[in-house]
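Structure record follows, encoded as structure tokens.
The values are calculated or read from the model by the stated rules, or taken from the named source; none is laboratory data. Computed from a predicted model, the values in this text were never measured in an experiment. Please note: Cβ atoms are built from the backbone with ideal geometry, for glycine as well, and neighbour counts cover all protein chains shown. Ligands, DNA and RNA are excluded from the accessible area calculation, which covers all protein heavy atoms including side chains. Shrake-Rupley method; radii C 1.70, N 1.55, O 1.52, S 1.80 Å.
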Amino acid sequence: MLSIKNLHASVDGTEILKGLNLEVNAGEVHAIMGPNGSGKSTLASVLAGKEDYEVLGEITLNGKDISDLAPEERAAEGVFLAFQYPVEIPGVSNVNFLKTAVNDIRAFKGLPPMLAKDFLKLLKEKRALVELDKKLTNRSVNEGFSGGEKKRNEIFQMAMLKPKLAILDETDSGLDIDALRIVANGVNKLKSADNATIVITHYQRLLDYIIPDFVHVLYDGKIIKSGTKELALELEEKGYDWLIKPEMAQ
Amino acid sequence: MSVVLEDKKQAFLANFVAKSADKDSSIAKQEALKALENLEFPTTRDEYWKYTRVGKITNANYSQSPSFNVSDISRYLVEGLGAYLVVFVNGFFSEELSEISQAKGITICPIAKARKEHVDEFDQHFGRLSKHESQFFSAVNTVYNTNGVYLNIEKNSVVDKPIHMINLTDAANAAYNPRNLFIVEENAEVTIINSYETISGSSFTNSTTEIYVNEGATVDSYILQNQSETSKQVNEIDVVQKANSIYTANTVTLNGELVRNNYNIEVKGQGCKTNLYGLCLTSGNQHIDNHTIIDHIEPNCESNEVYIGVLDDSSTAVFNGKVFVRSEAQKTNAYQQNKNMLLTDDASAYSKPELEIYADDVKCSHGSTTGQVDEEAIFYLRTRGVSELNARKMMIRAFANEILENIKIDALRAVLESKIDERFS
Ligand SMILES: Nc1ncnc2c1ncn2[C@@H]1O[C@H](COP(=O)(O)OP(=O)(O)OP(=O)(O)O)[C@@H](O)[C@H]1O
Ligand SMILES: [Mg+2]
């Protein structure tokens, strides 16, 4: 589904991603772990189409090169990013913005706008899935939301947009135990044989709920180790030093 | 004054002479005539005109107002508003285009008629608030005005529907001086919409409006400026508020080459509320200047002022808001805010919110922000599939909404929303 080959990304002359390779197949869950500042969020932003980076390398989604597409075109192709720090947008209502998002994607695909009643039905259904308070959906996007509410709102949006490739950037941070379970549940329910999920996290805890097929360690802009879910347990126990040190010794 | 400047001034004033045929023997006119002997064109050396050059107004040649032939004004109406209509074309009152059914408790008529038929009321109020002795354009208006609206709302009358005054021009380059006088008596309530539009060509509108908001009265006023991109306007609004009255003004500027609005509000009674809201959306080389003065003279009053600008291309917006709190005006609550969003690097905003406080027990705050569209927010919206154009539109609408949501008339708000959307598509 997603194929990344020799991806480099720099900003203002500083290289952050330094030749990254990743293959994600439909139906799979990949976890990306790694120390602070290693480039995880940068990878997520680059995949979502953020224009601030100078990008080299190849990104294909279902065989289609998406590296020159605008963020909204990537969204229409099925890419979704749950932000590590969701943006507050005063004055733009959650509901109106989602309606525009759904219909702009439909327009991109040559479909007519969704009927108002169908949209409301979808909204209700997905709100229930992540147990998001109705009041929150009517408020301005993330404005004044608590940390956990913002994360839940990200998963709610993901549910509304049904992406093929979902990238969750530290969606678990700031969530209480119940919220973590609800959010993980939501993600699991949305999982299918023809979509894939990348979860960026620091903690094994989330991976107890969302069980990954593969775990990767991102360090200094590259994936330095890949394994199965056992790798996450090992990292939890030993930290990153044992992986990084030999690398530095080279 | 130099001979050259004097000649220029006389040449400018000559544009208006022919039109002021109407007999006006008011004291104000005499005062203004006298003042004009010494008043000069404002220059950027005057603090009050620091950011706005009037050369575009004073150097132009104006055509003599031709007779007009306008029959369809539907596109200038607010759909679903059902208002009293008072229509002027090139400064002339159009009886045919207007719809002024007489209703109990209200008098609406052209000011030229009021001058003859409501002599006492007229004389007591006309020119008592306008700044014709100190301001050049106000003096010009006071001497050379031809027509405008006279409005008198009797005590305790609640006007059943809004009064919509439509000022149209249809000439190569028309210059006219609309003059309005609104007297709103005790506990009366009225909503007034004043729109300025261009059918064709250019114009210079030099408008002066005096508004008396008496005890317990409520006045909701809207000014909609949407003239052609080569039109100029100077607009003075002088208001006096008596105890427990509420005066709200919404000024929305969507077009015009040069627009200067001067609000002068004297709050002369306790328990008053004053709300001044403004929104300007500028593009091209437009220059929009909003000057406001709220003078709190008595205690226990509240004023709220929010002006918002969305500035595109190489346009300019100026905001200068002065709030005076006099020594007697204890327990005043005054809030003043100016926010500008610059859509390009070439757009500029000059913002000067000012508070002058002489009382000690007051709550006052003011602020000003100028910034760009939040690009992080745009990226966020786009990652959800929202097109870049729609994302920008949403951000602009959200910014402008702080003013739009104050507009209580749904039909009017809808018109403005669609005009704003049109503008950015
Ligand atoms: N716009 C930028 N300009 C300069 N440096 C940047 C910019 N964006 C990111 N960086 C740097 O790139 C590095 C990677 O940042 P990134 O946010 O991708 O890390 P991360 O792996 O997500 O970290 P964390 O676990 O703390 O979330 C950091 O050193 C960061 O300071
Ligand atoms: Mg990060």
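Given the structure, is A:I4 at pLDDT 95 or above and within 16 Å of ligand 2 (Cβ to nearest atom)?
Judged against the criteria, A:I4 is not a match.
Being away from ligand 2 (no atom under 16 Å from the Cβ), small (G, A, S) and open to solvent by less than 10 Å² (accessible area, probe 1.4 Å) narrows it down to one residue among A:A179, A:A193; which is it?
Step by step, each of A:A179, A:A193 is checked, and only A:A179 is away from ligand 2 (no atom under 16 Å from the Cβ), small (G, A, S) and open to solvent by less than 10 Å² (accessible area, probe 1.4 Å).
Check B:I223 against each of (1) in contact (Cβ under 8 Å) with a residue 40 or more places away in the chain; (2) assigned to a strand (DSSP E or B); (3) open to solvent by 10 Å² or more (accessible area, probe 1.4 Å) and name the one condition it does not meet.
Among (1) in contact (Cβ under 8 Å) with a residue 40 or more places away in the chain; (2) assigned to a strand (DSSP E or B); (3) open to solvent by 10 Å² or more (accessible area, probe 1.4 Å), B:I223 violates only (1).
Regarding A:D65, is this residue away from ligand 2 (no atom under 16 Å from the Cβ), charged (D, E, K, R) and under 29 Å from A:L111 (Cα atoms)?
Yes; evaluated as a whole, the condition is true for this residue.
Can you name every residue in segment A:74-95 that is within 16 Å of ligand 2 (Cβ to nearest atom) and among the aliphatic types (A, V, I, L, M)?
A:L81, A:A82, A:V87, listed by residue number.
Does segment A:100-110 include one or more residues that are over 27 Å from A:R181 (Cα atoms) and of a type in the set (F, W, Y)?
Within segment A:100-110, one or more residues are over 27 Å from A:R181 (Cα atoms) and of a type in the set (F, W, Y).
Could you list, in sequence order, the residues of segment A:181-206 that are over 15 Å from the mean Cα position of the chain (by Cα), among the aliphatic types (A, V, I, L, M) and at pLDDT below 90?
Residue satisfying the conditions is A:I182 alone.
Which condition number in (1) at pLDDT 90 or above; (2) more than 16 Å from ligand 1 (Cβ to nearest atom); (3) surrounded by fewer than 21 Cβ atoms within 10 Å (Cβ to Cβ); (4) closer than 26 Å to A:T60 by Cβ is the one that A:Y209 fails?
Among (1) at pLDDT 90 or above; (2) more than 16 Å from ligand 1 (Cβ to nearest atom); (3) surrounded by fewer than 21 Cβ atoms within 10 Å (Cβ to Cβ); (4) closer than 26 Å to A:T60 by Cβ, the lone unmet condition for A:Y209 is (4).
Listed here are the residues, each with its yes/no results for (1) in a helix (DSSP H, G or I); (2) within 30 Å of A:S45 (Cβ to Cβ); (3) out of contact with any Lys or Arg (no Cβ under 9 Å at 6 or more places or on another chain).
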| residue | (1), (2), (3) |
| --- | --- |
| B:V386 | no, yes, yes |
| B:M395 | yes, yes, yes |
| B:A398 | yes, yes, yes |
| B:E402 | yes, no, no |
| B:I407 | no, no, no |
| B:L412 | yes, no, yes |
| B:E417 | yes, no, no |
| B:I420 | yes, no, no |
| B:S425 | no, yes, no |
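Within segment A:105-138, track down each residue that is closer than 27 Å to A:L175 by Cβ and among the charged types (D, E, K, R). Write out each step before concluding.
First, the residues of segment A:105-138 that are closer than 27 Å to A:L175 by Cβ: A:122-138.
A:K124, A:E125, A:K126, A:R127, A:E131, A:D133, A:K134, A:K135 - these are the residues of segment A:105-138 that are closer than 27 Å to A:L175 by Cβ and among the charged types (D, E, K, R).
From the list A:E154, A:E170, which residue is within 16 Å of ligand 2 (Cβ to nearest atom), within 14 Å of chain B (Cβ to nearest Cβ) and touching a residue at least 40 places away in the same chain (Cβ under 8 Å)?
A:E154
Given the options B:Y62, B:Y76, name the one that is closer than 30 Å to B:K408 by Cα and in the same structural domain as B:I166 (by TED's automatic domain parsing).
Details: B:Y62 fails: closer than 30 Å to B:K408 by Cα.
Testing whether each residue is closer than 30 Å to B:K408 by Cα and in the same structural domain as B:I166 (by TED's automatic domain parsing) leaves just B:Y76.
If you check every pair at least six apart or on different chains, which have Cβ atoms under 6 Å apart with a residue in segment A:205-223 that is under 18 Å from A:N25 (Cα atoms) first and a residue that is more than 12 Å from ligand 1 (Cβ to nearest atom) and among the acidic types (D, E) second?
Note: pairs meeting the criteria are A:D213/A:E28.
In segment A:17-40, which residues are surrounded by fewer than 20 Cβ atoms within 10 Å (Cβ to Cβ) and within 9 Å of ligand 1 (Cβ to nearest atom)?
A:P35, A:N36, A:G37
Please state which of the following conditions A:Y240 fails to meet, knowing it meets all the rest: (1) aromatic (F, W, Y); (2) under 29 Å from B:R384 (Cα atoms); (3) within 16 Å of ligand 2 (Cβ to nearest atom).
The failed condition is (2).
When you look at A:A101, is it in contact with a Lys or Arg (Cβ under 7 Å, 6 or more places away or on another chain), at pLDDT 95 or above and within 15 Å of ligand 1 (Cβ to nearest atom), yes or no?
On the way: in contact with a Lys or Arg (Cβ under 7 Å, 6 or more places away or on another chain): yes; at pLDDT 95 or above: yes; within 15 Å of ligand 1 (Cβ to nearest atom): no.
Answer is no for this residue.
Rundown of residues vs (1) within 14 Å of another protein chain (Cβ to nearest Cβ); (2) touching a helix residue (DSSP H, G or I) at 6+ places or on another chain (Cβ under 9 Å); (3) of a type outside the set (D, E), yes/no style:
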| residue | (1), (2), (3) |
| --- | --- |
| B:Y358 | no, no, yes |
| B:K363 | no, no, yes |
| B:S368 | no, no, yes |
| B:Q372 | no, no, yes |
| B:S387 | yes, yes, yes |
| B:E405 | yes, yes, no |
| B:D410 | no, no, no |
| B:E422 | no, no, no |
| B:S425 | yes, yes, yes |
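Can you tell me how many residues within segment B:347-375 are farther than 30 Å from B:T332 by Cβ, among the acidic types (D, E) and touching a strand residue (DSSP E or B) at 6+ places or on another chain (Cβ under 9 Å)?
Count: 1.
Can you name the residue in segment A:52-71 that is open to solvent by less than 30 Å² (accessible area, probe 1.4 Å) and in contact (Cβ under 8 Å) with a residue 24 or more places away in the chain and, of all such residues, is nearest to ligand 1 (Cβ to nearest atom)?
In the first step, residues of segment A:52-71 are kept if they are open to solvent by less than 30 Å² (accessible area, probe 1.4 Å); the result is A:59-61, A:66, A:70-71.
Now narrow it down to the ones that are in contact (Cβ under 8 Å) with a residue 24 or more places away in the chain: A:59-61.
Working: A:I59: 16, A:T60: 22, A:L61: 21 Å.
Checked segment A:52-71; the qualifying residue nearest to ligand 1 (Cβ to nearest atom) is A:I59.
Of the numbered conditions (1) away from ligand 1 (no atom under 13 Å from the Cβ); (2) within 14 Å of another protein chain (Cβ to nearest Cβ); (3) within 26 Å of A:E230 (Cβ to Cβ), A:G49 fails exactly one; give the number of that condition.
Evaluating A:G49 over (1) away from ligand 1 (no atom under 13 Å from the Cβ); (2) within 14 Å of another protein chain (Cβ to nearest Cβ); (3) within 26 Å of A:E230 (Cβ to Cβ) leaves (3) as the failure.
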